[in-house]
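Note sheet for the following structure.
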Amino acid sequence: MAKIATTAEGVPELHKKHDVNCVAFQTLVFSLAFTEVALWGVVWSGWLWLALLLVLVAAHLMHGLLIGFHEASHGLLRKSRRLNEFDGVILGVFSFLPFSLYRVVHQMHHMHLATERDTELWPLVITKAPRWARRLAALL
């Protein structure tokens, strides 16, 4: 269960750096690789019903990698800066996105949070456009 800071004194505790076990990261990466190989095999065999289930598993694992990429961009994935940077670069390779580029763009998001200059929440932050148009653009 997630911790929630209910007092000002509780906030610093939530901002302590945490460490991801190296085995957990490797398990996630190998699980995704195994799932993708299995997905290729079941599509090749024509078992599309099983492919649908494997796509859901792969999507779940890929979301885990995205969370790791985000944590690495903040320097929170590992206690060691060198390992944090290494994992961030590896995750960037999987995402076809340079880690250094993501870090800069994501920090810009934090600098301009919920303003028109917030690139990660575009088009939802363009207040001049009608809400239905922003939602439609976000879906596309």
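What follows draws every value from the coordinates through simple rules; no lab data is involved. Since we're looking at a predicted model, the values are computed, not measured. With ideal geometry, Cβ positions are generated from the backbone for all residues, glycine too; neighbour counts draw on all protein chains shown.
Over the C-alpha atoms of region 24-90, the Rg to Rh ratio, Rh being the Kirkwood estimate, stands at 1.13. Each 10 Å bin from zero up to the one holding the largest Cα-Cα distance in region 60-117 carries the following percent of pairs: 25, 50, 23, 2. Please go through region 54-140 and write out the chymotrypsin sites (Phe, Trp or Tyr not before Pro) that DSSP classes as loop and that have at most 14 other C-beta atoms within 10 Å. Those that pass, being in a loop and sparsely packed, are Phe96.
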